[in-house]
1. Hey, Cys277 hits all of (1) touching a residue at least 60 places away in the same chain (Cβ under 8 Å); (2) assigned to a loop (DSSP other than H, G, I, E, B); (3) in contact with a Phe, Trp or Tyr (Cβ under 7 Å, 6 or more places away or on another chain); (4) not polar (S, T, N, Q) but one; which does it fall short on?
2. Any idea which of Tyr379, Tyr361 is closer than 20 Å to Trp285 by Cβ, in contact with a strand residue (DSSP E or B) (Cβ under 9 Å, 6 or more places away or on another chain), in contact (Cβ under 8 Å) with a residue 60 or more places away in the chain and in a strand (DSSP E or B)?
3. Go through segment 214-233 and give me each residue that's assigned to a loop (DSSP other than H, G, I, E, B), over 29 Å from Asp279 (Cβ atoms) and in contact with an Asp or Glu (Cβ under 8 Å, 6 or more places away or on another chain).
4. Restricting to segment 285-334, count the residues that are surrounded by 20 or more Cβ atoms within 10 Å (Cβ to Cβ), in contact with a His (Cβ under 8 Å, 6 or more places away or on another chain) and within 22 Å of Trp134 (Cα to Cα).
5. Yes or no: Gln31 polar (S, T, N, Q), crowded, with 21+ Cβ neighbours inside 10 Å, part of a strand (DSSP E or B) and touching a Gly at 6+ places or on another chain (Cβ under 8 Å)?
6. Within the set of pairs 6+ apart or on separate chains, which have a first residue in segment 220-243 that is at positive phi, a second that is acidic (Asp, Glu), and C-beta atoms under 7 Å apart?
7. If you check Leu265, Leu295, which single one turns out to be hydrophobic (A, V, I, L, M, F, W, C) and within 19 Å of the chain's Cα centre (by Cα)?
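Read-outs: derived from the displayed coordinates by stated rules, not from any lab. Values in this document were obtained by computation on a predicted structure and should not be read as measured data. Cβ placement follows ideal geometry from the backbone for every residue including glycine, while neighbour counts extend to all protein chains displayed.
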Amino acid sequence: MAQQGEIHNLRLVSHSDLGGFGNIGEGVALQQASDGRRVLWLAHEGPPKDVTAVDVSDPASPRVVAQTELPHQQIRSNSLAVVDDLLLVAYQVSRPGVSDAGMGVYDISRPEEPKRISFFDTSGPSSRGTHCLWCVDGKYAHLSTGAADFIPTHPKDDQFHMIVDIGDPARPTEVGRWWLPGTREGDGTPPPIRHPEHDVGYRVHNVNVYPDRPDRAYLGYVDAGIVILDIADLSHPRMVTQLDYHPPLTGFTHTVLPLFDRGLLVVAEEASEYDNCEDWPKVVWVVDSSVETNLVMLSTLPTDKDKYCAIPGRYGAHNLHENLPVPTSHVSDTIVYSTFFNAGLRVHDISDPFRPQEIAYFVPPVPEGARANSVNDVYVDEGELIYTVDRIKGGLYILEPAW
């Protein structure tokens, strides 16, 4: 059974429970420190910890070198990004109006002693702050966030795409924003129609921007599906295309990963917090984007749905390794690494985008005291070492390919 752990075509190099604080969110990034060490930065799913830094210079012996505290119990640091010695952390609060929501900017030149440089505040009466962020160039951060001056037409539509200039890390400054028309009070467009059974909101989750197409932003917009923006003018983003399939499908478009040379998108739909696949389908799509304004769904990544729907925990897609364009990240346009909560880490070959093939998987044993696995995120380094994490208790697992 999955509860006992499974592994195929991968080798477990090491595991760390992170000092007993193994609840990791969807923030995993690898720093090449100036002294030669390799430090993995992890954002926590919830309190009491903020971020954890793990020295993975020897992957067989990961060692926690820093672990910071959140300012209070009503906040989480779900997402982060690292560029050189700069760390950005997203802070989301449990309900609108709570303080300390936004983005923290840190100097991590000494990983043991992260020092806050500045804080970009996005808290407000209708804002839960920043859920996810993306930064790969050290110039601009792309946030899914609320703001003090953003009043959503529905409470679930409270996070939009904000672009923040971090060229001066001590003074982050908003330069542009975009929201789905109809989701902000007063924008002149009728609000979108809610999903009749599984309404999870018309808000942005992930924003991915790559130097191969710096004028494009790829948004997973939850119940609004896939959105591609033209951001050539950062102060005035505009929609290029949208593919929305909710309904008839259940919502939660999470991540949109472009494979530029192949004219494809890999798109993950997050499984919500239901046992027994109540909100199925939550899959990873392969989408033809060769005609940008006419996206076509080609296939889904296969997994054993019946097996994992029958065991405790949520089953379905969540995060992808996002081919970050940084020196410490692996990039592939044929191998997709994705996390599936109680089905662990799955690896697929999409050389034929119409017939993806599963080539490897890893499902850790359920941690003692937990009712299920919840494998949450994955990062693959330039040497193809795989770092994957659990959101409940399991902590960090380091693997290497064996195919």
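1. With (1) touching a residue at least 60 places away in the same chain (Cβ under 8 Å); (2) assigned to a loop (DSSP other than H, G, I, E, B); (3) in contact with a Phe, Trp or Tyr (Cβ under 7 Å, 6 or more places away or on another chain); (4) not polar (S, T, N, Q) applied to Cys277, the lone miss is (1).
2. Numbers: Tyr379 fails: closer than 20 Å to Trp285 by Cβ.
Just one listed residue meets the conditions, Tyr361.
3. Going through segment 214-233, the residues assigned to a loop (DSSP other than H, G, I, E, B) turn out to be 221, 223-225, 231-233.
Now restrict to residues that are over 29 Å from Asp279 (Cβ atoms): 231-233.
Selection gives Ile231, Ala232.
4. 5
5. Working: polar (S, T, N, Q): yes; crowded, with 21+ Cβ neighbours inside 10 Å: yes; part of a strand (DSSP E or B): yes; touching a Gly at 6+ places or on another chain (Cβ under 8 Å): no.
No; evaluated as a whole, the condition is false for this residue.
6. Hits for this filter: Gly225/Asp244.
7. Matching residue, one of Leu265, Leu295: Leu265.
Here is a yes/no grid of residues against (1) part of a strand (DSSP E or B); (2) in contact with a Leu (Cβ under 7 Å, 6 or more places away or on another chain):
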residue: Asp58; (1), (2): no, no
residue: Leu80; (1), (2): yes, yes
residue: Gln92; (1), (2): yes, no
residue: Pro96; (1), (2): no, no
residue: Met103; (1), (2): yes, yes
residue: Leu133; (1), (2): yes, yes
